[in-house]
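Since the structure comes first, as structure tokens, the remarks are kept for the end.
The values are calculated or read from the model by the stated rules, or taken from the named source; none is laboratory data. Keep in mind it's a predicted model, so treat the numbers as computed, not measured. All Cβ positions, even for glycine, are placed from backbone atoms using ideal geometry, and neighbour counts span all protein chains on display. Quick note on the areas: whole protein, heavy atoms, side chains included, nothing else; ligands and nucleic acids left out. Shrake-Rupley method; radii C 1.70, N 1.55, O 1.52, S 1.80 Å.
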Amino acid sequence: MIGFLRGRLTAKQPPQLVIDVGGVGYELEAPMSTFYGLPAAGAEIHLFTHLVVREDAHILFGFGSERERRLFRELLKVSNVGPKLALALLSGLTVDAFLMCIEAQDIDTLVRTPGVGRKTAERLVVEMRDRVKGFGDTGLAVLPAGGTGEASIGPQAEAFSALVALGYKPAEVTRLLKAVDASAQTTEEIIRGALQAAASR
């Protein structure tokens, strides 16, 4: 089992990215929550990983924190939830937002995730209720190789957290951030663009 990769980010096109580790390029799939924290191509990063073995392929998934990977693994234990759906849930909801949905039995928020119907959402609430207890903050965010262990939060991730704090649903925030002009670089510019996109809808 590959527990983590530390190397140079050579390419990123959601949901795929490539990390050069000692001259070997590892292809991974990652949730949008991880992509928002990625540095520019060429930077050194450290990602936690999970390998899914199928008859036709071996797929490596990458996560910016141990909490994301842990939730991904717990989601795979739920009936009829595969890697793609687990990745979609982590892309539309932060770990904390997902945990709050389970605790509050918020079916309506869960069904906004593409691929999640009401029956699946109800199953998630029932089967994840006990698994998320004691789900403490055990991880670090995407790190430069040789980092200090402190989270490296990019402007996209900061904007995401700020908009959720303002009351927007995580899935809605994801859509709004996609509508922001690519020229927006700072957290403030991204938030302003997202709020303008929300106002125009």
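Details
- Ordered by 1.4 Å accessible area with all protein chains kept, L51, L75 run largest first as L51, L75.
- If only the Cβ of Lys and Arg carry +1 and only the Cβ of Asp and Glu carry -1, the dipole of the range 12-90 around its Cα centre is close to 300 debye.
- Helix-derived mean residue ellipticity, 222 nm - over the chain, DSSP H n ≥ 4, -39500 (n - 2.57), to 500: -12000 deg cm²/dmol
- Signed unit charges on C-beta, dipole axis of the range 5-110, positive-most listed residue A41, L89, P31: A41
- Cα-projected label distance for A162 with V24, points at 7 Å along beta-carbon direction, nm: 4.1 nm
- Distance between the modelled labels on D56 and R8, one decimal in nanometres: 3.5 nm (7 Å Cα→Cβ projection).
- For the chain, modelled as a GNM whose springs connect Cα atoms under 10 angstrom apart, the maximal fluctuation among I45, I59, I102 occurs at I59.
- The phi-based Karplus calculation (6.51 cos²θ - 1.76 cosθ + 1.60; θ = phi - 60°) puts the 3J(HN,Hα) values of the range 88-101 at 5, 5, 6, 7, x, 9, 5, 4, 5, 5, 5, 4, 5, 4 Hz, whole numbers, x for Gly and Pro.
- Accessible surface of the chain, 1.4 Å probe, proportion on carbon and sulfur as whole %: 51 percent
- Charge dipole (debye, nearest 20) of the chain; +1 at Cβ of Lys and Arg, -1 at Cβ of Asp and Glu: 460 debye
- Estimated inter-spin distance, A104 and Q196, nm [label 7 Å along Cα→Cβ]: 3.0 nm
- With 0.36 nm allotted per residue and the present C-alpha distance subtracted, the K77-Q185 stretch has 35.1 nm of extension available.
- Averaged per residue, the chain has 51 square angstrom of accessible surface, using a 1.4 angstrom probe with ligands and nucleic acids left out.
- Of the cross-linked pairs K119/K169; K133/K178; K84/K133, those separated by over 27 Å at the C-alpha level are K133/K178.
- In sequence order, the range 54-66 has phi-based couplings of 10, 4, 9, 6, 10, 10, 9, 10, x, 9, x, 9, 5 Hz under the Karplus curve 6.51 cos²θ - 1.76 cosθ + 1.60, θ = phi - 60°, and Gly or Pro positions carry x.
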